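These notes are about the structure you will find just below.
The values are calculated or read from the model by the stated rules, or taken from the named source; none is laboratory data. Values in this document were obtained by computation on a predicted structure and should not be read as measured data. In this analysis, Cβ positions are derived from the backbone assuming ideal geometry, glycine residues included, and neighbour counts consider all displayed protein chains.
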Amino acid sequence: MLQISTPLELHTEIVRPEWIDHNGHMNSAYYVLAFDEAGTSLFRYFGVSEEYRKNAGSGIFVGDYHVHYSREVVEGDPLRFTHLIINCDERKVHYWQEMFHATKGYLAAQCEVIMLHVSLSTRRVTPFPPEIFAKIKSVCEIHAKAPPPANLGHVIRIRRKERL
């Protein structure tokens, strides 16, 4: 039987010099890029690779993306990413990612994503092939036993302090 870790750890990265902004830390846009690269690793794990895209004429598109920034990272920092499959169906995958400083261990950011499987010819959402969906579903079933992330489905708002 296939061993599936909860969460999956499939990707590492180093904060690149071009990702640094005028404040001396990683620019918010590059957190999205880093999470996207980590997501590519996740879908490669499921079998959605560049070869798959060429042969099947299908790929994955972002349906929704939410990033929560927790702590800054700077040039040269090593990063590690985790993935937790929250839900899935034959056409979509809802997953959670966390970015950690790989040596200091702190949580740098979290990302919630809904990814769509899309036909590249029709540009419409289409079912995953059965063998890919079976792997996604098996991971989803195992990950469903984990407690949900605290920020899952977080609504953005300014919290007001109570008046005395």
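Starting from region 91-107, take each residue that is of a type in the set (Val, Ile, Thr) and list its partners that are in a strand (DSSP E or B), counting only C-beta distances under 6 angstrom and pairs at least six apart or across chains. Here the result reads VAL93/MET115; THR103/PRO78, each pair linking region 91-107 to a residue that is in a strand (DSSP E or B). Out of all the residues in region 87-101, is one or more outside any strand (DSSP E or B), over 30 Å from ASN23 (Cβ atoms) and in contact with a helix residue (DSSP H, G or I) (Cβ under 8 Å, 6 or more places away or on another chain)? Checked against the condition, which is being outside any strand (DSSP E or B), over 30 Å from ASN23 (Cβ atoms) and in contact with a helix residue (DSSP H, G or I) (Cβ under 8 Å, 6 or more places away or on another chain), region 87-101 yields at least one hit. When PHE46 is tested against (1) under 14 Å from the mean Cα position of the chain (by Cα); (2) under 17 Å from GLN110 (Cβ atoms); (3) not hydroxyl-bearing (Ser, Thr, Tyr), just one condition goes unmet, and that condition is (2).
With respect to the stated conditions, SER28 is over 23 Å from VAL125 (Cβ atoms), over 11 Å from the mean Cα position of the chain (by Cα) and surrounded by fewer than 16 Cβ atoms within 10 Å (Cβ to Cβ).
Residues in region 116-133 that are surrounded by 13 or more Cβ atoms within 10 Å (Cβ to Cβ) and of a type outside the set (S, T, N, Q): LEU116, HIS117, VAL118, LEU120, VAL125, PRO127, PHE128, PRO129, ILE132, PHE133. Tell me yes or no: at least one residue of region 79-89 is under 23 Å from THR122 (Cα atoms) and buried (at least 16 other Cβ atoms within 10 Å of the Cβ). The answer is yes; a qualifying residue exists.
Residue count for region 23-51 satisfying the condition of being assigned to a loop (DSSP other than H, G, I, E, B) and touching a residue at least 40 places away in the same chain (Cβ under 8 Å): 4.
Before we move on, is MET26 of a type outside the set (Val, Ile, Thr), modelled with pLDDT under 95 and more than 22 Å from GLU90 (Cβ to Cβ)? Give the derivation first.
Numbers: of a type outside the set (Val, Ile, Thr): yes; modelled with pLDDT under 95: no; more than 22 Å from GLU90 (Cβ to Cβ): yes.
No, not satisfied.
Of (1) within 23 Å of PRO147 (Cβ to Cβ); (2) part of a loop (DSSP other than H, G, I, E, B), VAL73 satisfies all except one. Which? Condition (1) is where VAL73 drops out. Among the residues of region 13-22, those identified as surrounded by fewer than 17 Cβ atoms within 10 Å (Cβ to Cβ) and either touching a Phe, Trp or Tyr at 6+ places or on another chain (Cβ under 7 Å) or assigned to a loop (DSSP other than H, G, I, E, B) (or both) are ARG16, ASP21, HIS22.
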